[in-house]
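Nothing in this text is a laboratory measurement; each read-out follows from the coordinates by a stated rule. Quick caveat, the model's predicted, so the values are computed rather than measured. Here the Cβ is made from the backbone with ideal geometry for all residues, glycine too, and neighbour counts use every protein chain on show.
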Amino acid sequence: MATITQKSIEIDVVVCDGGNEFKLKGEINEDLLIEELIYHKSDLIKVNFKEVVMINSCGVSEWIKFVEAVSNIGSKIQYFNCPQIIVQQVNMVTGFVPGNGSIETFYAPYFCDDCENEDKILLKSSDLKGRTAPELKCTKCGELSEIDAMEDIYLNFIPE
Amino acid sequence: MSSTTEKTINGKRFISLKYKFLVSQLVIFSISLISFLYYTIDLYLGDKTAYIYENSVSHIESQSNFIEKFLSSELNNSKLLFNTINLYNQKSDKIEIVEKFLTTNDIFLDLVFFKLNPETVQFEKKFSYMNPKILRRYKGNRKILRRHGLLFRELHDYYKSGQDIIFRIINTDRVVPHLYVAIKSKKKKGVYVFRYLIENMASSIFQSSSFTDFITDRSGKVLIHSSPEDVNQEFYDVYSKFFDDIKNAKNNSGVLTIDKATKGEFLVSYKINNVFGIITFSEISKTKAFEFTKLIIFKTIIFGILIGLIILIISLIFTQTITNPLNKLMRRTETMGLGDFESTVTVRSGDEIQLLADSFNFMTRKINQILVEIQDKGQMESELQTAKIVQNSLFPPDSLERDPYHLFGFYDSASECGGDWWGYKESRGKLYLFIGDATGHGVPAALVTASASSCCQTILEYIEYFDGQYARPSDILKLLNSIVLLTGGQKILMTFFVAVYDTETNTIEYSNASHNFPIIYKYSAENPTKKSIQALGKALGRRLGDKPDSEYTNEVIEIADKDVLLLYTDGPVEAVNKENIIWGERKFNKSFFSRAKKDPEMIIKGILEDGYAYFDGVPPEDDVILVATKFKIDGS
């Protein structure tokens, strides 16, 4: 395992089945130096966004440069554990997920109207049928909990 | 800081460091010198006094020994002469023997034989011989010489006593000091009396220039002395206590101090000779005895003062090496106070003060640099203010009310110049709405935004100029992409959303360059819920300035009466509260739809009210734009 430590983010690069997994921890912003990430390119790049706490517009630009650079040389990119802030960028910003990339797992916000409990539920893209979020029970009160976003927009990246 | 010319510091008198150093040096040196002198002089005086006392004792011991040897020798001579002369009866024989004796003894004065007359019980002079040489020497005092100091009564006493010999020193009429030796002759029933002049003895021992020597008998009567003055009654008055003291003294020798009033104190060393019944003593004036010591002390003090002066001069020079650079620094601070931050102070003392001066110069350079920066910053801020004014001119009036729609917008920049922009334009039955957000914020983002804004205006003016040809949102984005690509150099990108409301068809055609999806409230009579809103999430393309060949599409939606379109940037949604938790999409949407039936201004102000209540004093880090457009298709 190699650890890339930058000003705002720390990235653990772990060898995984078929390539390298990048575990990101911190903020994706203008301080992201993509050259160090490109150095660890492989045929398959798995990106784990679980501990990303913030991404701004400059960070989005840098990230797109990175994924374009590695996809142009044939690397396949898979996103895992995408928090809500990443999903929003995925939906909104063209190029955040390259053409040969995919969202494998992501967190969806759920809100219980009864007890006002908020949950972040990890969903697997392949389990979804279209842009419809599954109905889940509130982890606190057990009542029905709904996705706390505009469903068709939040799941915009899922093929119809 | 007070000026040095005022000679005060905070109301207290200014005292130069130089004088403080000098005074401290002077005080330290004076204390050291006085202590040193006091200690050494005390030691020296003690040692010298002991030496003088010892010397005085040594002197009198030497005198006394000499006298004792001298007198013993003459006493022995008398015995030898007695033994010889006692053998003869003839006067001629006696004279011959005495004359022979004279050849070896030049201080012999005379010899007299006193015979005791048994009948008269008186001593009668039977034989006498006087040294003719001495008689010639003392022509004027022959009578005195001939006079025997010893009384016949004393001879009787002596003769009756068991003593064979008596002797003592007599100074008849204080003119001719002589040794008197009386030896009893049982064979001839008389007494031989020998006398020796002891002037030579006195002259040979009384040679000291420092001491005045005296020889007295036991009673204190002076027999011989070396005093240039007469021994008079005043002398005896002064010395009466001395003689009383030595009579009671346990030792035969010692040193006493006597006070001669006007002549001061004298040291008197003495030696009592019991054999000859004499007291030998020497006196020396204390003033004279300590004269040299006082001279040494005086010279030592003068030398100390001279050393002190030299030290003071060296201190003055040394102090100036400290105070001169400090004065330079002080004067430099004064010139700094008058606004001179460019001059430097030069100190080459090679010590901490030079380091201080170097640090001072460094500080002034930094202050000067900071002042320049502040000046530049002030100028920049002034320019930013100007830029802000210019940028504000790019924003349209915040409210627009027409029959088919009512629009209200709000903009707040996170910095002097923002990277967000919104605008609208009415043209031939169409309302063009724009909203964009450049990456980052500040001047670079504002410049790109200004370009995009100008481009929008130009496009619409161009349309007017060519008689109202419709510009589709995707075409506008494509043109904007070229402009932002040119101005941003692919470093500054821009999300952008263009919507065109057609008042005839009541549709909105829109195209999105990765901007946050605007949301629309679809009116119904029921209370609005989150299901009452939907996002315009289609027709999505790349951000402006990203790629030269970016393509954009259009999407059309229908608009009904009282629908509300909300355009916004991510600033308010992503703003955080004190717990660093973002406001979030859910709360933002709820804030919108909950008041969607109100007019646009109330909607915007309500959202802002909710948002700032949540932020609880934490200002948003990004620009905030909210634009609400309510459609009034049925003339509602």
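At a glance:
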{"quantity": "Two-decimal ratio, chain B, of alpha-carbon radius of gyration to 2.2 N^0.38 Å", "calculated": "2.66"}
{"quantity": "Cα pair distances of segment B:318-473 binned at 5 Å [whole percent]", "calculated": "2, 7, 13, 11, 10, 8, 6, 5, 5, 6, 6, 5, 5, 4, 3, 2, 1, 1, 0"}
{"quantity": "Angle between chain B longest axis and helix B:291-337 axis [Cα atoms, degrees, rounded to 10]", "calculated": "10 degrees"}
{"quantity": "The protein assembly as shown, helix-only ellipticity at 222 nm - DSSP H runs n ≥ 4, -39,500 (n - 2.57), divided by all residues, nearest 500", "calculated": "-13500 deg cm²/dmol"}
{"quantity": "Under Karplus coefficients 6.51, -1.76 and 1.60, residue-wise ³J(HN,Hα) of segment B:522-533 in Hz, glycine/proline x", "calculated": "9, 5, 8, 6, 6, 5, x, 10, 5, 7, 7, 10"}
{"quantity": "Cα coordinate range in segment B:194-293, projected on the principal axes (Å, largest first)", "calculated": "46, 30, 26"}
{"quantity": "Base-10 log of normalised Debye intensity for segment B:472-601 (one unit scatterer per alpha-carbon) at q = 0.17 Å⁻¹", "calculated": "-0.95"}
{"quantity": "Order of B:His225, B:His178, B:His406 - criterion: other Cβ atoms within 10 Å of each residue's Cβ, fewest first", "calculated": "B:His406, B:His225, B:His178"}
{"quantity": "Fewest-first sequence of A:Lys7, A:Lys140 by Cβ atoms within 10 Å of each Cβ", "calculated": "A:Lys7, A:Lys140"}
{"quantity": "Charged-residue dipole, Cβ positions (Lys, Arg, Asp, Glu), the protein assembly as shown about Cα centre, Debye nearest 20", "calculated": "11640 debye"}
{"quantity": "Segment B:114-220 - percent relative contact order, Cα under 8 Å, separation 6 or more", "calculated": "20 percent"}
{"quantity": "Quotient of Cα Rg and 2.2 N^0.38 Å for segment B:79-212, N being how many residues it contains", "calculated": "1.11"}
{"quantity": "Helix B:473-488 axis, angle to chain B major axis (alpha carbon atoms, nearest 10°)", "calculated": "20 degrees"}
{"quantity": "Mean separation of Cα contacts under 8 Å (6+ apart) over length of segment B:39-291, as relative contact order %", "calculated": "19 percent"}
{"quantity": "Theoretical FRET efficiency, 1/(1+(r/R0)^6), r = Cβ-Cβ of A:Leu44 and B:Lys578, R0 60 Å, to 0.05", "calculated": "0.90"}
{"quantity": "Gain in span if fully extended, B:Ser92 to B:Val27, counting 0.36 nm per residue against the direct Cα distance", "calculated": "14.3 nm"}
{"quantity": "FRET efficiency estimate (nearest 0.05) - Cβ-Cβ, B:Asn324 to B:Ser161, R0 60 angstrom", "calculated": "0.05"}
{"quantity": "Estimated Rh, segment B:39-291: Kirkwood, alpha-carbon pairs, angstrom", "calculated": "20.0 Å"}
{"quantity": "Distant alpha-carbon pairs in segment B:76-139 (separation over 20 angstrom), percent", "calculated": "33 percent"}
{"quantity": "Lysines with Cα under 25 Å of A:Lys46, excluding same-chain neighbours fewer than 8 positions away", "calculated": "A:Lys7, A:Lys23, A:Lys25, A:Lys65, A:Lys76, A:Lys120, A:Lys124, A:Lys129"}
{"quantity": "Proxy reagent accessibility, fewest Cβ within 10 Å first, across B:Glu74, A:Glu10", "calculated": "A:Glu10, B:Glu74"}
{"quantity": "Relative contact order [Cα under 8 Å, 6+ residues apart], chain B, whole percent", "calculated": "9 percent"}
{"quantity": "Partner lysines for B:Lys126 [C-alpha distance under 18 Å; skip if fewer than 8 residues away on the same chain]", "calculated": "B:Lys91, B:Lys94, B:Lys115, B:Lys184, B:Lys186, B:Lys187, B:Lys188, B:Lys189"}
{"quantity": "Quarter of Cα convex hull surface for segment A:2-154, i.e. mean projection, nm²", "calculated": "9.3 nm²"}
{"quantity": "Positive-end residue of B:Thr487, B:Ser454, B:Gly264, charge dipole of chain B with Cβ unit charges", "calculated": "B:Gly264"}
{"quantity": "Gyration tensor over alpha-carbon atoms, segment B:256-317, equivalent ellipsoid semi-axes in Å", "calculated": "46, 12, 6"}
{"quantity": "Hull shadow area, averaged, segment B:325-405 [alpha-carbon convex hull, nm²]", "calculated": "8.1 nm²"}
{"quantity": "Alpha-carbon Rg/Rh ratio, for segment B:395-631, with Rh computed the Kirkwood way", "calculated": "0.95"}
{"quantity": "All-pairs Cα distance distribution in the protein assembly as shown, expressed in whole percent, bin size 20 Å", "calculated": "12, 24, 12, 9, 7, 7, 10, 12, 7, 1"}
{"quantity": "Where the Cα pairs of segment B:1-137 fall when distances are cut into 10 Å bins, in %", "calculated": "9, 17, 14, 10, 8, 8, 7, 7, 6, 6, 5, 3, 0"}
{"quantity": "Cβ-based net charge around A:Tyr110, under 9 Å, with every Lys or Arg adding one and every Asp or Glu removing one", "calculated": "-3"}
{"quantity": "Chain B: angle of helix B:17-85 to the longest principal axis, Cα-based, in degrees nearest 10", "calculated": "20 degrees"}
